[in-house]
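In what follows, a structure is listed as structure tokens, so that the remarks can point back to it.
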Amino acid sequence: MNYETIIVEKKEKVILFTLNRPDQLNALNSKLIDELGDGLTNAELDENIGAMVITGNAKAFAAGADIKEMKDKTFATAYMENFISKWEAITSCRKPIIAAVAGFALGGGCELAMMCDFILAGESAKFGQPEIKLGIIPGAGGTQRLTRFISKPKAMEMVLTGRMMDADEAEKSGLVSRVLKDEDLVSEAIKTAQSIANLSLPSVFLAKDSVNYSYESSLSQGVEYERKLFHSTFSLEDQKEGMEAFIEKRKPNFKNR
Ligand code: HXC
């Protein structure tokens with residue numbers, strides 16, 4: 001399918017989504033969100049795909065929701081269309097999604113990156129929630145996910161001042177999992193996604209589900225949930241294959257069953 005605001009490329013078992021409104025620093029308008037949602041749905045349904053990467057360009061991952069598009073909204077229009085609710089589609093994907101962030105990831109751009117399963121940052125990455133400077137507040141999870149990822153004091157400072165943090169600070173704070181040279185960012189993200197896509201997908205889904213459950217449960221509930229999912233992996237042919245391959249000193253041939 002041809003899209004206007006994103007580029008979709010298949011790289012073996014991985015789909016690479018490149019946000020593609022460079023002259024507007026990839027500001028996230030409704031068309032882009034619709035197209036990304038459509039692309040993610042197709043990738044979820046494609047049984048040859050095991051993981052996805054979302055990236056932008058050297059200057060911006062995304063500089064936020066499109067201010068020009070939303071400036072005339074009223075409470076009634078925002079509320080009645082449930083503005084932003086479509087963005088959550090990304091969090092219902094079962095296949096892992098990596099955000100590969102170079103340049104600005106601001107406002108909705110930072111929130112989009114945080115909806116992914118983890119963030120790999122290029123050295124040029126800058127994260128921030130500058131909404132307060134526009135007379136609004138974050139609306140796609142910025143006050144919630146950032147607070148859980150980097151601690152309340154740091155999130156509060158970022159949300160109340162709109163200050164940006166660079167890649168180094170973002171890594172130290174726990175917002176990003178790794179910082180890479182800008183020129184290696186996308187290739188390393190694809191390589192990482194490829195390594196996940198070559199594993200047993202049912203186990204990958206269960207692992208992602210279990211990690212995410214830690215945000216929704218007490219520790220004892222989470223550990224109990226994890227144990228039940230762990231038990232269930234012994235029903236997989238891939239579990240037998242993975243362990244036999246280890247003992248026979250060969251690579252496993254997972255069949256996603
Ligand atoms: C619409 C945007 C935009 C945005 C940049 N542009 N960010 N358009 N929405 N969020 C446009 C500019 O208007 C300009 O278009 C072009 O992109 C280049 O931007 P410049 O400002 O000229 O670039 P630069 O001087 O390098 O400054 C980069 C910047 C700045 C610091 C990132 O663009 C900036 O502050 N952008 C806004 C960041 C922001 O406030 N984000 C939060 C948005 S609110 P023209 O046509 O003039 O050349 C939000 C709410 C989320 O995200 C709620 C839930 C999702």
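Observations
- Residues that are assigned to a loop (DSSP other than H, G, I, E, B) and either of a type in the set (D, E, K, R) or surrounded by fewer than 10 Cβ atoms within 10 Å (Cβ to Cβ) (or both), drawn from region 76-86: E81, N82
- Condition broken by A58, with the remaining ones in (1) in contact with a helix residue (DSSP H, G or I) (Cβ under 6 Å, 6 or more places away or on another chain); (2) aliphatic (A, V, I, L, M); (3) open to solvent by 50 Å² or more (accessible area, probe 1.4 Å) satisfied: (1)
- Lone qualifier among L146, L180 - being buried (at least 22 other Cβ atoms within 10 Å of the Cβ) and at pLDDT 95 or above: L146
- Checked against (1) touching a Ser or Thr at 6+ places or on another chain (Cβ under 9 Å); (2) loosely packed, with under 15 Cβ neighbours inside 10 Å; (3) touching a residue at least 60 places away in the same chain (Cβ under 8 Å), I137 passes all but condition (3).
- S203 vs. criteria surrounded by 16 or more Cβ atoms within 10 Å (Cβ to Cβ), part of a helix (DSSP H, G or I) and free of Cβ contacts under 8 Å to residues at least 60 places away in the same chain: yes
- Listed here are the helices (runs of 4 or more DSSP H) enclosed by region 112-192 that have at least 3 residues being polar (S, T, N, Q) and farther than 20 Å from A60 by Cα: 142-150.
- Among the numbered conditions (1) aliphatic (A, V, I, L, M); (2) crowded, with 19+ Cβ neighbours inside 10 Å; (3) farther than 27 Å from D182 by Cα, the only one that V101 does not meet is (3).
- Of the strands (runs of 3 or more DSSP E) lying entirely inside region 1-75, the ones with 3 or more residues being more than 13 Å from the ligand (Cβ to nearest atom) and not aromatic (F, W, Y) are found at 6-11, 14-19, 51-55.
- Of all residues in region 84-106, those satisfying the criterion of being farther than 15 Å from A27 by Cβ, within 16 Å of the ligand (Cβ to nearest atom) and of a type outside the set (A, V, I, L, M) are S85, K86, E88, T91.
- Search result, residues across region 107-134 that are open to solvent by 20 Å² or more (accessible area, probe 1.4 Å) and near the ligand (Cβ under 10 Å from one of its atoms): K126, P130, I132, K133, L134
- Checked against (1) more than 19 Å from the chain's Cα centre (by Cα); (2) open to solvent by less than 60 Å² (accessible area, probe 1.4 Å); (3) of a type in the set (D, E, K, R), E188 passes all but condition (1).
The values are calculated or read from the model by the stated rules, or taken from the named source; none is laboratory data. From a predicted model like this one, the values you see are computed outputs, not experimental measurements. Note: ideal-geometry Cβ built from the backbone for every residue, glycine included; neighbour counts use all protein chains shown. Only protein heavy atoms, including side chains, enter the accessible area calculation; ligands, DNA and RNA are left aside. Shrake-Rupley method; radii C 1.70, N 1.55, O 1.52, S 1.80 Å.
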